[in-house]
Structures are given as structure tokens and as C-alpha cells.
Amino acid sequence: MAQNLLHRSVAASFRWVSHWSGAAVRQARAIRQPRILMYHIIGDAELSVRQFEWQMRFLRDHFEPISLGALVDRLQAGTTTGREVALTFDDGVQNQFTVAWPLLRAHQVPATFFVCPGLIESGDWLWRTNLRMRLNVLGNATRADAARNAGCMATEIEAIMEWTKSLPMDARRTFEQDIKSLTADFTPPRAQMDSHAPLTWDQLRQLGGDLITIGSHTRTHPILPTLTESMLQDEIAGSRVALEEKLDRRVDLFSYPNGANNPGVADMARRHYRAAVTTIQGMVAQESDCFLLPRIPAGENRAAFTRRMHRPTA
Ligand SMILES: [Zn+2]
């Protein structure tokens, strides 16, 4: 344990030295491969507003921020320069309208927002965010009981959350319903509302198309490999139709919820979109499959960020 801690702090110090000396930036610039960055919420414990603004200045200074659609154009034409970086935001939550968008506009950095039209329509929260908050307010014994009744032997919140990802849709809905009735009085705290509630159609219509591309993140954010063919069709193809009708703009980019896909899921995406992004960590290569594009999670501090720009899996 102590050794592990020591190892971690040595590794962290090394990252800072590498960052401040400029070595990390030089290494990143030397690698001529496009990057797609993955974001969710700006201004929380993981990624502060200051850090995000620094990242945008950094990207403008050292790389070429372009839209994901423009990057796909270049990949298909074989004309990438390896300086491209495309920003993506998953889940379509309030924070992206109130915090991320004004910052992107101020710095003139394009981005793609992957949103779920079913959640926008119903106003429902991302099922995972909602379930996690509700599990969190349950007592340990009640939570363990509820999980056990549903066939899950785990008792810790994150382990239960992990187990839910493997459930068929019906079983997952039943479990969510059980937890909902156990926490009937629950309302999310204000700060969570401000950041995690879904965007509204009106907000999405305000996002300027020159800077913000709207992509689909399915209708309701299910784990796609657990679905039947007809559900897949509705979540993947139906979500595009819904977004295009409501927003009157073209939607041809897709993001797999939680990155989860299999050959059947990817084939469905191929039939209905121009490209799709995953959560596989890596840089884009000229020969990358445009329906399995890797992304880089934005680091929580400068050192972690500059390191991931040349070592995406670090
Ligand atoms: Zn998501």
C-alpha cells in the first residue's frame, strides 16, 4: 500500500516536471495524429472552469480545434494534418448549456454535443445519474437487501452500478423502479439539478450551428449490447429522426452510451450515421474505423492533460 502510494506520487511529480519543462507538450506536438477529446461536466471537482479554459487556450496554441464533422471529412479524404483536435460532450445535460457553451463561444472552440432526445422530451435524468443518487440516500442494509432481491451480491454503490450495466433492459427497469419506490421522497440537490438535468429543446435550438454540432447519444442512454434488434433500431435510428425533426438540423454523428458496442450495434450505427465515437482511449489514425473512433478523456489538471495528449491511456 505504502509502496503503491509512493509510486503514485513519484509518477505524479514526474508528470508535473514533464509538463513544466515543456517536454510533455513537445512530445504531444511531435505525434501527428488527430485527437477527439471527451468531456461531460465543466466546473465540478474533476474539471474546474479554470482548467477547462486553460485547456482551450492550450489547444488553440498547439493544435487545431475543429469540429468532429470536419475531422471526419478529412479522415475520409485522407487529408488530416495530425494537428486536429475535436471536442465532444456526452449526455446533453444543463451544465453544457450554462457553463460549457459560453466558454466554448468565448474561446471560439467548436464542439459536438451528443444528446438523448428521449430524455430531453421527458425531462428524465440519465438513468445512471438518477440511480446512483438514489442508491446513495438508501441505508446500507436497505441497499444491500434491494440489490440481493434483484440478484446482485454486491453492496457497494459503484459495484451495484457496474452490475446494472450487464442487465437486460426489462430487468434494469424493474430494479430502477424498486429503488425509486424505496426513495419516493427523494429530490436531487440543487447543485445536481443545475448540472445534471437534461437540456431542453429550446436550449438546444439556441446553440449556434457554426460552433456546436448536435449528435445523437441514443434516445434514452441504454447499454446498447443488451437490447433487441427492434430496440436498437429505435434507439440508434429513431433518435436521429427525432433530433432532426425537433431541431431542423442535420444529425449524422453518434456516440455509444458508456462506449458500449458490439459488431451488431456498430453495424446499425454504420447504416444510419456518418461516424461514431467510443470510449476507447487513444488517438485517431488515418486508418481508424470511423464507427469505432477512440477518444481521450480530458485530464483533471494540466500535467495529466498534457500527458494524455501524447499518452492517451495514461
Ligand atoms: Zn453518456
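With the requirement that a residue be open to solvent by less than 30 Å² (accessible area, probe 1.4 Å) and over 19 Å from I41 (Cα atoms), what does the stretch 292-304 give you?
Once the filter is applied, which keeps residues that are open to solvent by less than 30 Å² (accessible area, probe 1.4 Å) and over 19 Å from I41 (Cα atoms), the stretch 292-304 yields L293, P294, A303.
Which residues, counting only those in the stretch 152-184, are open to solvent by 40 Å² or more (accessible area, probe 1.4 Å), over 19 Å from N258 (Cβ atoms) and in contact with a helix residue (DSSP H, G or I) (Cβ under 8 Å, 6 or more places away or on another chain)?
M153, T155, D178, K180, L182
I'd like to know if the stretch 12-29 contains one or more residues that are assigned to a helix (DSSP H, G or I), among the charged types (D, E, K, R) and without any contact (Cβ under 8 Å) to a residue 12 or more places away in the chain.
yes
Every residue in the stretch 116-167 that is closer than 20 Å to D185 by Cα, among the charged types (D, E, K, R) and part of a helix (DSSP H, G or I), please.
R128, R132, R134, R143, D145
Look at T187 and say whether it is in a loop (DSSP other than H, G, I, E, B), of a type in the set (S, T, N, Q), touching a residue at least 60 places away in the same chain (Cβ under 8 Å) and out of contact with any strand residue (DSSP E or B) (no Cβ under 9 Å at 6 or more places or on another chain).
So T187 does not fit the description; no.
Being open to solvent by 30 Å² or more (accessible area, probe 1.4 Å), away from the ligand (no atom under 16 Å from the Cβ) and within 18 Å of Q33 (Cα to Cα): is that true of R105 here?
Answer is no for this residue.
Identify the single condition in (1) surrounded by fewer than 18 Cβ atoms within 10 Å (Cβ to Cβ); (2) touching a Ser or Thr at 6+ places or on another chain (Cβ under 6 Å) that T313 does not satisfy, given that it satisfies every other one.
Of (1) surrounded by fewer than 18 Cβ atoms within 10 Å (Cβ to Cβ); (2) touching a Ser or Thr at 6+ places or on another chain (Cβ under 6 Å), only one is false for T313: (2).
Can you pull out every residue in the stretch 259-291 that is open to solvent by 60 Å² or more (accessible area, probe 1.4 Å) and within 16 Å of the chain's Cα centre (by Cα)?
Passing the criteria: I280, Q281.
Which residues, counting only those in the stretch 110-119, are at pLDDT 95 or above and surrounded by 21 or more Cβ atoms within 10 Å (Cβ to Cβ)?
Within the stretch 110-119, A111, T112, F113, F114, V115, C116, P117 meet the criteria.
Could you look through the stretch 258-269, keep only residues that are out of contact with any strand residue (DSSP E or B) (no Cβ under 8 Å at 6 or more places or on another chain) and not in a loop (DSSP other than H, G, I, E, B), and pick out the one that is nearest to the ligand (Cβ to nearest atom)?
The extreme case among them is V265.
Return the pair list, or none, for Cβ contacts closer than 6 Å from residues in the stretch 57-85 that are part of a helix (DSSP H, G or I) to residues that are at pLDDT 95 or above and among the aliphatic types (A, V, I, L, M), at least 6 apart or on different chains.
L59/V85; L68/A86; L68/L253; L71/A86; V72/A275
Which one of these is within 26 Å of K165 (Cβ to Cβ) and modelled with pLDDT of 95 or more: T129, T142, T80, T88? Full working, then the answer.
Details: T129 fails: modelled with pLDDT of 95 or more; T142 fails: modelled with pLDDT of 95 or more; T80 fails: within 26 Å of K165 (Cβ to Cβ).
When all the criteria are applied, what remains is T88.
I'd like to check something: does the stretch 142-158 contain any residue that is within 16 Å of the ligand (Cβ to nearest atom) and not acidic (D, E)?
The answer is no, given that none of the residues of the stretch 142-158 is within 16 Å of the ligand (Cβ to nearest atom) and not acidic (D, E).
The values are calculated or read from the model by the stated rules, or taken from the named source; none is laboratory data. None of the values given here were measured: they were computed from a predicted structure. In this analysis, Cβ positions are derived from the backbone assuming ideal geometry, glycine residues included, and neighbour counts consider all displayed protein chains. The protein model used for the area step is the full one, side chains on, heavy atoms only, and it has no ligands, DNA or RNA in it. Shrake-Rupley method; radii C 1.70, N 1.55, O 1.52, S 1.80 Å.
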